[in-house]
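Input: a single structure, listed below in structure tokens.
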Amino acid sequence: MVRQPRSRSVDWLWWATSSGELQPFLDHPDHDQQEIAREKSAVAVQLARLGDPLVDCLAAIAPDVLADALWRLPNPTRTDTLRALRVPPARRPTPAIAEHALKRLRKQTPSVRGYTAQVVTLPVLRVLLPATLDTDSGALDGEILESLKTTPFTSDLIRLTAIADWGFSCQAAALLRLALTEADLALPGWPADVIADVVAACRRFETFCRDRMCGAGEPPSPLRSLDDALGRARAAADSVTAAVAAGRAPEEADLSMLGLVGPAVAEARAAVGALVEAEADTLPEDRPGLAAAITAHEAAVHARELAGVDRFRHLDGPPVHAAAIGELRESAADLSARHENWDPADRRRVLALGDLGGLIDAIADDRDDGVDELAETIRPHLPDPTIVNAALRGRLSWDETPTSDAAEDDTPTAPEDSEPAPETSIGAGSDSAPGYDAGSDADTDPVPATEARPADADGAFAAEQDGPDSPDGPNGPVGPSEAVSDRADSTHLVEAADEQGAPEPPAEPEPAALIGELIGRGDYASAAGAMSADVPERISALRALAYADGARSDTGAVAVSLREELDEMAMRAPSHDRATQLLTVAAAARGAVLCGHSTYGLLQEAAAGLGDLPAVATLARHIATGSAQGLLGGTRNLGALEALAEAEAGAATCAADAAEALLHPRHLRFPRATSIAQLWWRPEDGLLGRLLQLAAGNERRDLDEVAEALRRLTKHHELESRLSAIDEEFRNGKGHRLEGPARRRLLEYARESLGTVSRWVDAMRRVAETEAEAESWIAGPLTDLRHALLADRPEAELELAELAAHTGDPLTAGAARAAAASLSATLDLLDGHPLTGPEPTPEALLPDTPNPT
């Protein structure tokens, strides 16, 4: 979601201060922001030569295209945007309402219009751009061009996206450049020479971003111009000295070269002042002094960057992100240890960590200006991009408590010649500790009485106990009762009692068979309640599937709970548990198809772990692709597909009738009539057999051919004439013509077959008419996606059935049965079969199930 800035300004050359005041980016206190603004200004200046290209793009876009783009937005962004355009947000805009919204968008002020265009086109931008930053410009261009070729979006929407969002990143600038050149999306009224200048400015901006973020080269020194001027001045001074020594006047060019040193020094002082954030008048006037100021500044910057890296050793967050946080901590420790020898790759990691730290601080301070752009910039440079989502949600913070390493350093150590003390655990006065482990060993060497020992609130001690056959023999660690009785005499060794209390039996294992049975029959609330709390990913997947199976529309309370649960799951690290993967696929697929929720990441991550279930993985990837492309838009799409599925079902029934008619035996008593029937109904080239064969194939491409042949054969007396002609060929002038019952029966058979073919033609025409009545995005990409999913369905159902029957894990078997049932209902939605029954409340679905955090 894109947060609307307080200033409502989208001018790339302006930034909002903490008070909301707009300032030029060229006056930004951050030198890097100034450099970026200079490069962007070159592109903005060239675009301004086109007039107002954003208004031109909006003038070319159609209302239905805008309606599609608005409806792809996730809530609450979609609702806010529609309300800003004075459009009712409850349902998809009709053509008339979309026309009204487009007119209002065109009449908005430039800043508001630009912001709205960015909000509308940001989902399109994310689909068109590659997921990761490619440092090779050729590879980046290839990926973007492939997206432009395969995207379902219209050229007008792509043009609007390129013009509105070019300043987000160097990738977005590359999209603008390619849209104006390779994709030929420039409007006819835009001058070719201006387009060429815009493209050149985009290339310079891309090169600058790539050099800055990827370490392709060092930034130019502020003293470079001064060094050039001093070099020329030295040469000119030598010439002047030689001329004076020779008794002649120096050359005017040499004297003018000496005069350039003063302005070069002033320029260098100004550049160094901007770099070190100091007044130019306070800086030295000689080059060594300026170089020393730069060196001191670089040392200070390095110290700040090192401090920013060190902060990540104290990064804290929810347990679900423990792995990603651990990677960041390890990366920070590695960078800190090698801070004097950072290479370009290390510099990229340092910049990414610094930006991520700034993002965490901005969210903590409730400063949301530009956080989305910053998140999109740093996401490709982190080992686990999902950590950025946690930062945006305010779930990351800095733990100021000492780290475990520091705590260990402060712990007093035993003398080198002493043995380690036996491990102890806090007890409550019972004969055995609650955490007793029968397989653990404990030392029996004496422990100095001065060493601290853990105790509970009552002062009792508990120690792990060894059995009588352990290597320690009968003199094992002390029991709690002996520890209390001998506490006063702590200068002597403690001897264990001869008779130890029986240890507590280990906890019963998780009732996997019962939980698997509950999951298999759809009782997800009971299964989640009976499951151990140390598997939050599986519990969350069960909760999501419960909401998914209970939802009946994309606007109800259950659908809202399903979206929230899926968003929480997307924040977690991918699970490698097979049962969790299957439950995730089922829940995410229903959320995408029924609710139109974007579940691309969840489905792709789950599919990556289903290598031994290729059909299920393919099904998940197809749904993920449709979700990312905005094709799965909830009940509106399903309602449009219902009529289409009904028409296709009718055509399939007629095709089955044609296949049956083709196999129907036609034996007549008269041999010549039987021969004619065999010839007419031959599937390869028979007069009627070929038509039945094409109809049985149920292919749209054969409709015109079959319809034309049917039109000719149903003309008046056409069949009679064809029968008389072939009868004459068989008779060859001998015998009587075919008459009587045999002729009548042969013509009846022919008319029955033509009737079957005619019904298939009518049904297939209804399919074409239904698609024509639907919108273009349904008739094309969504229909293709539906056919691909239905083709994947049989093999996926077979894989899940075999997994449930042959796996030895009851949890996996139950998850496979639940996933098969849920996916079947989800695919039935695409086939025109709506969900039945009333929608329960979220509380009724999961009355007492804890929500894992």
- Query: Can you find even one residue in the range 714-731 that is exposed (fewer than 13 other Cβ atoms within 10 Å of the Cβ) and basic (Lys, Arg)?
  - Reply: yes
- Hey, among the residues in the range 827-839 that are at pLDDT 75 or above and buried (at least 17 other Cβ atoms within 10 Å of the Cβ), which one's nearest to ASP792 (Cα to Cα)? LEU827
- Task: Grab the helices (runs of 4 or more DSSP H) fully contained in the range 88-204, keeping just those with 1 or more residues being open to solvent by 30 Å² or more (accessible area, probe 1.4 Å).
- Result: 95-107, 110-128, 137-150, 155-165
- Condition set of a type in the set (Val, Ile, Thr) and exposed (fewer than 13 other Cβ atoms within 10 Å of the Cβ), scope the range 222-276, selection farthest from the chain's Cα centre (by Cα): answer is VAL244
- Message: Within the range 757-791, take every residue that is at pLDDT 85 or above and not basic (Lys, Arg) and give me the one that is most open to solvent (accessible area, probe 1.4 Å).
- Response: ASP762
- Does the range 298-318 contain any residue that is in contact with an Asp or Glu (Cβ under 6 Å, 6 or more places away or on another chain) and either more than 19 Å from GLY231 (Cα to Cα) or open to solvent by 30 Å² or more (accessible area, probe 1.4 Å) (or both)? yes
- Task: Could you please find all residues in the range 363-385 being open to solvent by 10 Å² or more (accessible area, probe 1.4 Å), assigned to a helix (DSSP H, G or I) and free of Cβ contacts under 8 Å to residues at least 60 places away in the same chain?
- Result: ILE363, ALA364, LEU374, ARG379
- Message: I'm trying to understand the selection: among the residues of the range 679-705, which are over 51 Å from the mean Cα position of the chain (by Cα) and loosely packed, with under 13 Cβ neighbours inside 10 Å?
- Response: ASP685
- Task: Could you tell me which of the residues LEU545, LEU566, LEU562, LEU610 is open to solvent by less than 10 Å² (accessible area, probe 1.4 Å), aliphatic (A, V, I, L, M), modelled with pLDDT of 85 or more and within 22 Å of ARG91 (Cα to Cα)?
- Result: LEU562
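The values are calculated or read from the model by the stated rules, or taken from the named source; none is laboratory data. Remember, predicted model here, so these are calculated numbers, not experimental data. Virtual Cβ from ideal backbone geometry, glycine too; neighbours counted across all protein chains shown. Side chains included, ligands, DNA and RNA excluded: accessible areas come from the protein's heavy atoms. Shrake-Rupley method; radii C 1.70, N 1.55, O 1.52, S 1.80 Å.
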